[in-house]
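Written out below as structure tokens is the structure these notes cover.
The values are calculated or read from the model by the stated rules, or taken from the named source; none is laboratory data. Because the structure is a prediction, the values reported are computed rather than measured. All Cβ positions, glycine included, derive from the backbone under ideal geometry; neighbour counts span all protein chains shown.
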Amino acid sequence: MGEVDKKEDARGKAGSIYRIAGPVVVAKGIAARMYDVVRVGKEKLMGEVIQITDDKTVIQVYEDTSGITPGEPVINTGQPLVVELGPGLLTSIYDGIQRPLPILKAAMGDFITRGVDAPGLSREKKWEFTPVVSRGDMVKQGDALGEVEETPGIMHKVLVPPGMSGKVAEISKGKFTVDNIICKLDDGSKISLMQKWPVRMPRPVNKKLSPVMPLLTGQRIFDALFPLAKGGVAAIPGPFGAGKTVTQQTLAKWSDADIIVYIGCGERGNEMTEVLTEFPHLTDPKSGNPLMNRTVLIANTSNMPVAAREASVYTGITIAEFYRDMGYSVALMADSTSRWAEAMREISSRLEEMPGEEGYPAYLSTRLAEFYERAGRAVPLGTVASNKKSEGSISVIGAVSPPGGDVSEPVSQATLRVAKVYWKLDARLAQRRHFPSINWLDSYSLYLRALEPWYAQNVAADWKEYVERMMRVLQEEEKLLEIVQLVGSDALPDREQLTLEIAKMIREFFLQQNAYHEVDTYSELKKTYMMMKIILLYGTLAQESLARKVPVRDIINIKAKQKIANARFEKGYEELLDSVEQEMRKEFEQLKGA
Ligand SMILES: Nc1ncnc2c1ncn2[C@@H]1O[C@H](COP(=O)(O)OP(=O)(O)O)[C@@H](O)[C@H]1O
Ligand SMILES: [Mg+2]
């Protein structure tokens, strides 16, 4: 204890608490810079400097401040808020300031009390390090020095930290803890398996690239109609109960990212508990290994202080950047960013700042934009793999929970200004049990054009044509339904009645997907393609039959049609759809014109 005191005192002059307002503490008598981490009160609660006036320093405290009193000491560590980056991040569950929750729980029980320090990365665990460079090699920032198998199949690249370069003077091989030195450069710099990085500063890249490939999700409505690019940003706004959390978790499970960073800021207290108990039991469908092997979870339960929630998104994105720098594609889910914005609002009001719209601080949209700008596809600083040109990406999927689902509120608006994909959840669809309840008319993806070549090359040349035909049918349905409301469906001409029928098939057989059904929860691209194709084939055959004056009733009663629905739930969808196609063609041939 005395040791620590001396060390911390040496870094900065101790001051004292002047005033306390919830998570915000004002101190006097310390010389601090913005974003310095300070230790507040006798219990040394962790805080961060967020405002400096003439003689006062304003600090947001990451732990509960009740019971601390003016006059208690405040010590400046002189360091910014950092995350520890290195092997051991995967499978971890952290709070907003990277304290491992299981360790906090073991130390404190269910109620997280205060002043507990727990390092983000274990100091005991040893990792087998295999170098890829030798003595005498020149290395520069971002270059891989070697590898550690972090979890089965996931190679953690140990990189030269940004700002360092030189000739390798010493390089080790063997088992090491994260703070052992594994490499020395000729200028004396020492490198361990762990590096630290200030959370509020984006990690540098060589250059940013524009997105050209989709982040595949296994969800038909996303992959076909509103695709997200690897390196892109999607927003999922929706009212309570519309399906934000289920969607985020489905994406964590099925998206084809290498690494998942999941930041949970629960709407309800038990929601995070669900995530915390469920995630560790989920299996990664691709590898058969636990999903946690490629996942970092950051959880803010409702009993955690707001300032830690404010910090959690930065902790999460910094971890995401670290894996991007290794050349991985990372998907980051934040559920829900509205809770983050509310933390900002609370802290801002404690600071007595001039409130902007709906009480949010005026800098709300800047903060949101700065956060989302850390997404992207990029060439890392260094060489991380010798055999291929490396690139990494961070795709961000942010849930937004506007009160009452009204997206005209500030957080939704600020998010939509930066997100290029809008997946709008619709409470009415959820009530009708249409899941995922994504509104297909209001949602959009601005990546559609950029991704067309990828789909044409990797799935089918006519992918785009099918997608466009489907969208046209759905839009036409919307117009027709207005007419039906007025005059009833019998008044519609045959052609239009058929359009309604095809739209219904698209909605029920294609857009709906049950996250809880073993097979339906994931649709590979080939399945998505074949299902679009067969629904639209029905459409084509139906219009042809109509042209030969076949009664519309007979066309709608085609039996093979119903079997398309089964494909959703069938592992052997290919044979099924092939036979459905043959049956359907035969049935249509047999229809007689009037
Ligand atoms: N894709 C889906 N498949 C099946 N059920 C779903 C799906 N999405 C949402 N649901 C249902 O809706 C409920 C509420 O979803 P949830 O994600 O918790 O809403 P939100 O996070 O928006 O408040 C879920 O408990 C589930 O029953
Ligand atoms: Mg939710």
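Residue 310: within 16 Å of ligand 1 (Cβ to nearest atom) and of a type in the set (D, E, K, R), yes or no? Taking the combined requirement at face value, the residue does not satisfy it. If you check residue 231 against the conditions, is it on the phi > 0 side of the Ramachandran plot, touching a Lys or Arg at 6+ places or on another chain (Cβ under 7 Å), crowded, with 17+ Cβ neighbours inside 10 Å and modelled with pLDDT of 95 or more? Yes: the conditions hold for residue 231.
For beta carbons closer than 9 Å, sequence separation of 6+ or different chains, a first residue in the range 94-120 that is at pLDDT 75 or above and a second that is loosely packed, with under 13 Cβ neighbours inside 10 Å and among the charged types (D, E, K, R), the qualifying pairs are 99/117. Of the residues screened, residue 279 is one that is aromatic (Phe, Trp, Tyr), in a helix (DSSP H, G or I) and within 16 Å of ligand 2 (Cβ to nearest atom).
For the range 405-424, the candidate set comprises residues that are within 15 Å of the chain's Cα centre (by Cα) and part of a loop (DSSP other than H, G, I, E, B); within that set, the residue that is surrounded by the fewest Cβ atoms within 10 Å (Cβ to Cβ) is 420. Scanning the range 116-147 for residues that are aliphatic (A, V, I, L, M) and over 25 Å from the mean Cα position of the chain (by Cα), we see that the one that is nearest to residue 205 (Cα to Cα) is 144. Kindly establish whether residue 176 is within 16 Å of ligand 2 (Cβ to nearest atom) and among the aromatic types (Phe, Trp, Tyr). Against the criterion (within 16 Å of ligand 2 (Cβ to nearest atom) and among the aromatic types (Phe, Trp, Tyr)), residue 176 does not qualify. Taken over the range 163-179, the criterion of being under 30 Å from residue 291 (Cα atoms) and surrounded by fewer than 17 Cβ atoms within 10 Å (Cβ to Cβ) is satisfied by 173, 174, 175, 179. A residue that is within 26 Å of residue 218 (Cα to Cα) and either more than 16 Å from ligand 2 (Cβ to nearest atom) or under 21 Å from the mean Cα position of the chain (by Cα) (or both) occurs nowhere in the range 484-500. Inspect the range 218-227 for any residue being modelled with pLDDT of 95 or more, among the acidic types (Asp, Glu) and touching a helix residue (DSSP H, G or I) at 6+ places or on another chain (Cβ under 9 Å) and give the result as yes or no. Yes. Taking every residue in the range 130-151 that is assigned by TED's automatic domain parsing to the domain that holds residue 168 and pairing it with any residue that is hydroxyl-bearing (Ser, Thr, Tyr), at least 6 positions away or on another chain, the pairs with Cβ-Cβ distances below 6 Å are 140/165; 141/165; 143/383; 146/130; 147/130.
For the range 331-378, what are the residues that are assigned to a strand (DSSP E or B) and away from ligand 2 (no atom under 16 Å from the Cβ)?
Narrowing the range 331-378 to residues assigned to a strand (DSSP E or B): 331-335, 355, 361, 376-378.
Result: 331, 332, 355, 361, 376, 377, 378.
For residue 580, the requirement of being within 27 Å of residue 513 (Cβ to Cβ), surrounded by 16 or more Cβ atoms within 10 Å (Cβ to Cβ) and not charged (D, E, K, R) is met.
Kindly indicate whether any position in the range 392-404 is surrounded by fewer than 17 Cβ atoms within 10 Å (Cβ to Cβ) and assigned by TED's automatic domain parsing to the domain that holds residue 242. Among the residues of the range 392-404, at least one is surrounded by fewer than 17 Cβ atoms within 10 Å (Cβ to Cβ) and assigned by TED's automatic domain parsing to the domain that holds residue 242, which makes the answer yes.
Please verify whether the range 522-532 includes one or more residues that are crowded, with 20+ Cβ neighbours inside 10 Å and either among the polar types (S, T, N, Q) or at pLDDT below 95 (or both). Yes - at least one qualifying residue is present in the range 522-532.
Tell me, which residue of the range 115-148 that is of a type in the set (Ser, Thr, Tyr) and in contact with a Gly (Cβ under 7 Å, 6 or more places away or on another chain) is surrounded by the fewest Cβ atoms within 10 Å (Cβ to Cβ)? By that ranking, first place goes to 130. Please determine, by comparing only the residues of the range 225-251 that are within 13 Å of ligand 2 (Cβ to nearest atom) and among the aliphatic types (A, V, I, L, M), which one is farthest from the chain's Cα centre (by Cα). Of everything passing the filter in the range 225-251, 242 is farthest from the chain's Cα centre (by Cα). Picking from residues in the range 228-260 that are within 18 Å of residue 368 (Cα to Cα) and assigned to a strand (DSSP E or B), the one that is farthest from ligand 1 (Cβ to nearest atom) is 233.
Does any residue of the range 453-474 turn out to be modelled with pLDDT of 95 or more, out of contact with any Leu (no Cβ under 9 Å at 6 or more places or on another chain) and within 19 Å of residue 407 (Cβ to Cβ)? The answer is no, given that none of the residues of the range 453-474 is modelled with pLDDT of 95 or more, out of contact with any Leu (no Cβ under 9 Å at 6 or more places or on another chain) and within 19 Å of residue 407 (Cβ to Cβ). Restricting the range 408-428 to residues that are of a type outside the set (Ser, Thr, Tyr) and within 16 Å of ligand 2 (Cβ to nearest atom) leaves a set whose member that is nearest to residue 342 (Cα to Cα) is 411.
In this structure, is residue 303 polar (S, T, N, Q), away from ligand 1 (no atom under 13 Å from the Cβ), touching a Gly at 6+ places or on another chain (Cβ under 9 Å) and assigned to a helix (DSSP H, G or I)?
On the way: polar (S, T, N, Q): yes; away from ligand 1 (no atom under 13 Å from the Cβ): yes; touching a Gly at 6+ places or on another chain (Cβ under 9 Å): yes; assigned to a helix (DSSP H, G or I): no.
No: the conditions fail for residue 303.
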